[in-house]
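Structure first, then comments.
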Amino acid sequence: MIEIRPCAGFDELEACVQLQIETWGYDESDVIPRKTFLVAQRIGGQVLGAFDTELVGNPAETMVGFVFSLPGVVTGKGEPQAYLHSHMLAVRQAYRNRGLGRQLKLEQRLDALSRGIRYMEWTFDPLEIKNAFLNIHRLGATVRRYLVDFYGVSSSRLQAGLPTDRLLAEWRLDSPRVQAILIGQSTPAQLIEERIQVPASIYDWKATEVGREQALAVQLENRQKFQQAFSRGLAVVGFSRDAEGNGVFELGSPTQA
Ligand SMILES: CC(C)(COP(=O)(O)OP(=O)(O)OC[C@H]1O[C@@H](n2cnc3c(N)ncnc32)[C@H](O)[C@@H]1OP(=O)(O)O)[C@@H](O)C(=O)NCCC(=O)NCCS
């Protein structure tokens, strides 16, 4: 039994700090401290935890995942608009691939909508096939921006020393398209004008010193493809994976999405 709810108290926020270290292997230059989680909750952000109610221990010891967002404001034409920038999503290894990551994002969405917030964004590594599948295919996020080496040097073990290139996921929380995807309904067929591939071997390449050069080559080639496609006005509107586990970003017109 998994319960998802806002984290409460110092111990549960500290559990988020520890889960970060367990997930990414961050050193102290990258880790988000307890105080930041506390402030985020105070100013309209979200720190939601997933707790396994069948585990023995105090609530902080039973946390098996969390998601964290900060509030943002878009200014420009018209009234300023509040939105959420989701900065971290982590699920403990033994609990992965059971829908918990998706569930945490859905709770974020419901909480946002209940407060009148209709837009959320986050960045993700374009080499992480699983994350792309979850963000684009399962949640219905779209992408129009590529951020080169967004965070600079990172101590994350998932980054494997590569530049921290990121795609910016845009999640229109109450759009008909997102609503349809979340309930498993088909969306209108979209013309796919370009495909950008990520080989399944990327995970193995990132894990070894020898393979890292190959991973970097894919990153640089795809960086260029994304940048060119986005400059032509295309957006990532779909993502698929084949039987071998290779991932394919599908790009088309953002207005259709
Ligand atoms: C990303 C993460 C939070 C996802 O959590 P999770 O609970 O495993 O996610 P879910 O089970 O809800 O969804 C994952 C989906 O990807 C699929 N998947 C698993 N491995 C995959 C792979 N190699 N390629 C493509 N899809 C994959 C799963 O089957 C599932 O899809 P389904 O619901 O259709 O079966 C978790 O893997 C994690 O903590 N990773 C490390 C930290 C991280 O990368 N965080 C995100 C960036 S901040």
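The values are calculated or read from the model by the stated rules, or taken from the named source; none is laboratory data. Note that this is a predicted model, so its numbers are computed, not measured. Positions of Cβ are generated from backbone atoms using ideal geometry, with glycine treated the same way; all protein chains shown enter the neighbour counts. Accessible surface is based on the protein model in full, side chains and every heavy atom, while ligands, DNA and RNA are left aside. Shrake-Rupley method; radii C 1.70, N 1.55, O 1.52, S 1.80 Å.
Tally up the carbon and sulfur contribution to the accessible surface of the range 59-190 as a whole percent, 1.4 Å probe, everything protein left in place.
Working: 3280 of 6320 Å².
With neighbouring chains kept in place, the figure for the range 59-190 is 52 percent.
A straight Cα-to-Cα reach below 29 Å connects Lys130 with the lysines Lys105, Lys206, Lys225, residues fewer than 8 places away in its own chain not being considered.
Going highest first, how would you order 11-17, 63-69, 201-207 by mean Cβ packing within 10 Å?
Working: 11-17: 20.3, 63-69: 24.6, 201-207: 17.3.
The most tightly packed comes first, giving 63-69, 11-17, 201-207.
Let me make sure I get this right: for the chain, a, b and c are the square roots of the gyration tensor eigenvalues over alpha carbons, sorted descending. Under 1.5 in a/c it's rounded, otherwise prolate if a/b > b/c, else oblate. Which is it?
Values: a/c = 1.57, a/b = 1.20, b/c = 1.31.
In terms of gyration-tensor shape, oblate.
Here the 3J(HN,Hα) profile of the range 109-116, calculated from phi with Karplus coefficients 6.51, -1.76 and 1.60 at θ = phi - 60°, is 4, 4, 4, 4, 4, 5, 9, x Hz, Gly and Pro shown as x. Can you tally the net charge around Asp174? Count Lys and Arg as +1, Asp and Glu as -1, for every other residue whose Cβ sits under 14 Å from the Cβ of Asp174. It works out to a net charge of +3. Amide hydrogen proximity for Glu128: with H placed 1.01 Å from N in the peptide plane, no residue at 5 or more positions away or on another chain lies under 5 Å.
Taking amide H atoms as placed 1.01 Å from N in the peptide plane, the amide H of Met88 lies under 5 Å from those of Phe68, each 5 or more residues away in sequence or on another chain.
For n ≥ 4 DSSP H runs only, could you compute -39500 (n - 2.57) per run for the chain, divide by its residues and tell me the 222 nm figure to the nearest 500?
The helix-only estimate for the chain comes to -9000 deg cm²/dmol at 222 nm.
On full extension of the chain, what length is gained from Val56 through Thr164, given 0.36 nm per residue of separation minus the C-alpha to C-alpha distance? Between Val56 and Thr164, full extension yields an extra 35.1 nm.
When the Gaussian network model of the chain links Cα atoms closer than 10 Å, the mean-square fluctuations of Pro188, Pro163, Pro176 top out at Pro188.
Please say if the range 151-257 is rounded, prolate or oblate, where rounded means a/c under 1.5 for a ≥ b ≥ c the square roots of the C-alpha gyration tensor eigenvalues, and otherwise the choice is prolate for a/b larger than b/c and oblate otherwise?
prolate
When every alpha-carbon pair in the range 1-112 is counted, what percent end up more than 24 Å apart? Intermediate results must be reported in sequence, preceding the final value.
Details: 1478 of 6216 pairs.
Distances greater than 24 Å cover 24 percent of the Cα pairs.
Within the range 37-101, report the trypsin sites (Lys or Arg not before Pro) that DSSP leaves as loop and that have at most 10 other Cβ atoms within 10 Å.
On the way: sites: Arg42, Lys77, Arg92, Arg96, Arg98; in loops: Lys77, Arg92, Arg96, Arg98.
Within the range 37-101, the qualifying trypsin sites (Lys or Arg not before Pro) (loop, at most 10 other Cβ atoms within 10 Å) are Lys77.
Note that the chain presents 52 Å² accessible area per residue, ligands and nucleic acids not counted, probe 1.4 Å.
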